[in-house]
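*Asks:* Below is the structure I would like to discuss, written out as structure tokens.
Derivation of every value follows stated rules applied to the coordinates shown; laboratory data play no part. This is a predicted model, so every value here is computed, not measured. Quick reminder, even Gly has a Cβ in these numbers, built from the backbone with ideal geometry, and neighbours come from all protein chains shown.
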Amino acid sequence: MPRIDRIAEPWGSRTPYGPGETWPVRVDSYLADGLTEDDVDRWAQSATILHSNGDGLDIAVKDDRIVGVRGRAVDRVNHGRLGPKDLYGWQANNSPDRLTKPLIRRDGELVETDWDTAMDAVAGRCRELLDEQGPSSIAFYTTGQLFLEEYYTLGLIAHGGIGTNHVDGNTRLCTATAAAALKETFACDGQPGSYTDIDHADVIALYGHNMAETQTVLWTRILDRLAGPNPPQVVCVDPRETPVARAATVHLAPRPGTNVMLMNALLHEIIGNGWVDRDYVDAHTVGFDELAKRVEDYPPEVAAEVCDVPVEDIRKAARIIGHARRLLSTVLQGFYQSHQATAAAVQVNNINVVRGMLGRPGCGILQMNGQPTAQNTREAGADGDLPAFRNWSNDSHIKDLARVWNVDPMDIPHYSPPTHAMQMFRYAEEGSIRFLYVTATNPAVSLPELARIRSILAQDRLFLVVQDIFLSETAQLADVVLPAATWGEKTGTFTNVDRTVHLSEKAVDPPGEARPDLDILIDFAHRLDLRDKDGEPLVKWSDPEGAFEGWKECSKGRPCDYSGLSYDKLRGGSGIQWPVTEEHPDGTEHIYVDGQFWAEPSYCESYGRDLVTGAPLDGTEYRALNPSGRAVLKAAGYLPPHELVSEEFPFQLITGRTLYHFHTRTKTARAPQLQAAAPEVWVEMAASDAGDRGWAEGDLLEIRTPRGRVEARLRISGIRPGVAFLPFHYGYWDQPGGDRPDGHGRAANELTLTDWDPCSKQPIFKTAAAAVTRLAAGDGPSAAPTTTGSRPVSADVPPTRGGTAAEAVEVLAQGGAR
């Protein structure tokens, strides 16, 4: 059967289709060692775990070992397609350096121990601190890669049992602004759009969203629309020449930190030219007059100067958006991790709302997530929110949650907003947090200003627990390391960006003594002897399905209602979009239909915040603003970034992702095809910047900020002048299990600053001021991929290829194969 190199062709073959048509099926598969489907012993239903798209797939098992994957043709998300990380990333499960036994620190070294010793040490230290200093000495920092059942159990333990307000996840780094922006406009989390909107839209606008690399299969869907009849127009906002930018009708490449200025100029044109659905605005919104008045001060001429974007391009983009019949808008890290993050993302919402583009096919907003189960952290209360989108400042919501958990309402901390991750690490730095339980994430590489983070994690007074599958940079600093099972080795559900819930079945046993995260958390709760107000165990389930049933009770009647779902309903077919209720047993494709929002004051998740200061509004203020629960059109003025370029630091440094890696490479670096495609860190600069300095492709550069230095090979790309780009995936080690190179910084977050958005509290990774110098001439091109946003301007760089080891099968709907 013919095969295709899916490293060289990340999005696979085109299956064109037109507006309103069904996206054709194309089933992608990859099996190791020359195996065929006839060699597979069994298949286990699941979905993807290395990005947020939620592609449905089946896991191939032979001899009780994962040997490959196959897309699910029936799945609503991907219609059988898989991206490169889907196809090859599963190989990390089989890596020989998986954690298989608990580790405990003795005489400064981590040594193997048994589970009882490890868990007694964890629970013992937690109980000791609870008795001595109270729940505010305990903190939990989790991930966007566990299952819903595990997040809900963690939220119950932390909020309902221990009583700490210090609970957050690395979703603070990737999706906090998505939640914040939705709360500001709609007073509740939950994505208004659906992936099927791509099938109907005539304009698709992507704001700071390199979908081609972060959600490859979703971009494949757009590519297929672009290849078909009556394709949509595409507007792209990104300072780099990404694959999205290259496919765009209009590409706006603003100066980093000026997103609010650009968005206000687009709104200036849309409102000023009357491209507004006044009937919709008058019936379903508040705040239009203030928004219209604010954007009067932001004509395209002003934005063109501040953003350094051609004024005619701003007007053209506004005209395309303003004349769209069906508009889909998507947002990701280019806005979320930048200056004025929430304010900028809210202006995207404003565009769709003033144009009346919600609640019908092709008309939606996708405030995207960065991780596969980030949505679940927000729903289940493991990321600084309360479960099921309850409002922490609404006493009736606290009482209702206490009823579900059978605890006293005063045992659930709600005296202030839940503590966000950046503040948690500050408390640990100051010494008030003394116990930090980290699950499935690697803050020693992913958080900003790493020298500071390493010093915090290494403190003797901080008891650090790390629950993970590899001995990451963070795990190396821990007092106790707990070996966990991962995807394919446990059962649970997870929810993607467009509210699609998938079931992931256990395919194989975890290696050695590794345990599912749910089992570890339940053991922790039992050793702490956490109980409800009747003296019964607080955690009342012992398996994933029991936890899911508990979650269904918690979510019933709330926006993210799972009460009509079950494991059996999710088996065998496609994922299902919440809310799923008796009235909507097959799920809900679009929310906010006919202007019906979850914004009524007694029901809403949030009363909102001040976009400049981040100060929360109280219930009285919100009721005065929005008594009938409409969408809120919130205006924002532009403010300059906090760290400006100077003669000493003339470049703006931005960080980001590449198609072939996920987060800090703990999994993808162990997949040979992915690691070979992007083996080492690089730095991107514009041809004009390199040429002015006499630098060439592949030269070794030093990138320096007031916080640290990184060495990287130069890739001369289509990035805008004055900007340098570093991928953030690369930690201390050249290869998994290797030593940290002496004096050779390679983690982008050595350079980023400790600063965050006032509203979402998301760290700012995209406006640091940097100096760049050449250390040595190159002896060849950078190893950066050529298929992505790092595509070189020079034709002399060899193309990125995967070779025979990366050849996957595509079976097209017509029955043909490649």
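*Asks:* Determine the sum of side-chain charges near L82: Lys and Arg each +1, Asp and Glu each -1, restricted to other residues whose C-beta is under 11 angstrom from that of L82.
*Replies:* 0
*Asks:* When ranked by the protection proxy of mean other Cβ atoms within 10 Å per residue, highest first, what sequence do the peptides 721-728, 355-362, 561-568 form?
*Replies:* Sorting 721-728, 355-362, 561-568 by mean packing, highest first, produces 721-728, 355-362, 561-568.
*Asks:* What is the range 4-97 by shape, rounded, prolate or oblate, if you read a ≥ b ≥ c off the alpha carbon gyration tensor as root eigenvalues and call it rounded for a/c under 1.5, prolate for a/b larger than b/c, and oblate otherwise?
*Replies:* Prolate is the answer for the range 4-97, as a/c is 1.5 or above and a/b outweighs b/c.
*Asks:* Using the Karplus equation 6.51 cos²θ - 1.76 cosθ + 1.60 (θ = phi - 60°), what ³J(HN,Hα) coupling, rounded to whole Hz, does each residue of the range 273-285 give in order, writing x for Gly and Pro?
*Replies:* 8, x, 7, 10, 8, 5, 4, 5, 4, 5, 7, 10, 9
*Asks:* Moving to a separate point now. Going by the alpha-carbon gyration tensor, a ≥ b ≥ c the square roots of its eigenvalues, is the range 89-221 rounded (a/c under 1.5) or, if a/c is not under 1.5, prolate (a/b greater than b/c) versus oblate?
*Replies:* Verdict is oblate for the range 89-221.
*Asks:* Which distance in nm do the two modelled labels at R403 and Q476 give, with both placed 7 Å along the Cα-to-Cβ direction?
*Replies:* 5.2
*Asks:* Over the chain, what is the relative contact order in percent, taking alpha-carbon pairs closer than 8 angstrom and at least six residues apart?
*Replies:* Relative contact order, the chain: 20 percent.
*Asks:* Within the set K183/K766; K101/K399; K634/K667; K183/K293; K85/K316, which residue pairs have Cα atoms separated by over 32 Å?
*Replies:* From K183/K766; K101/K399; K634/K667; K183/K293; K85/K316, over 32 Å: K101/K399; K634/K667; K85/K316.
*Asks:* Also, quick follow-up: Give, rounded to the nearest 20 debye, the magnitude of the charge dipole that the chain has about its Cα centre when Lys and Arg contribute +1 at Cβ and Asp and Glu contribute -1 at Cβ.
*Replies:* It works out to roughly 1360 debye.
*Asks:* Let me ask you something else. Provide the gained length on full extension for the span L639 to D41, in nm with one decimal, where the gain is 0.36 nm per separating residue minus the Cα-Cα distance.
*Replies:* 209.3 nm is the gain from fully extending L639 to D41.
*Asks:* With every atom except the alpha carbons ignored, what do you get for Rg and Dmax of the range 651-785, in angstroms?
*Replies:* 14.6, 46
*Asks:* Please find the FRET efficiency linking D282 to T754, where r is the Cβ-Cβ separation and R0 is fixed at 56 Å, and quote it to the nearest 0.05.
*Replies:* 0.80
*Asks:* Another one. So what does log10 I(q)/I(0) come out to for the chain at q = 0.06, 0.07, 0.08 Å⁻¹, using the Debye formula with one equal point on every Cα and no solvent?
*Replies:* Debye curve over Cα of the chain, log10 I(q)/I(0) at q = 0.06, 0.07, 0.08 Å⁻¹: -0.34, -0.47, -0.63.
*Asks:* Pull up the DSSP beta bridges for the range 652-806 and report the antiparallel fraction as a percent, rounded to 5.
*Replies:* 60
*Asks:* Still on this structure: Show the residues, 5+ positions off or on another chain, whose built amide H is closer than 5 Å to the amide H of R713.
*Replies:* V683, L701
*Asks:* How much length would be gained if the chain were fully extended between D594 and D543, taking 0.36 nm per residue of separation minus their Cα-Cα distance, in nm to one decimal?
*Replies:* 14.4 nm
*Asks:* Given the peptides 91-100, 512-521, arrange them by the average over their residues of other C-beta atoms within 10 Å, most packed first.
*Replies:* With the highest mean Cβ count within 10 Å placed first, the list reads 512-521, 91-100.
*Asks:* Let me ask you something else. Run the helix sum for the chain: -39,500 (n - 2.57) per DSSP H stretch of 4+ residues, divided by residue count, reported at 222 nm to the nearest 500 deg cm²/dmol.
*Replies:* So the calculated ellipticity at 222 nm is -7500 deg cm²/dmol.
*Asks:* Something else about it: Sort 647-654, 602-609 for me by packing, meaning the mean count of neighbouring Cβ atoms within 10 Å per residue, highest on top.
*Replies:* Result, highest mean first: 602-609, 647-654.
*Asks:* A follow-up question, please. Order of I4, I716 from fewest to most other C-beta atoms within 10 Å?
*Replies:* Least to most surrounded, the residues fall as I4, I716.
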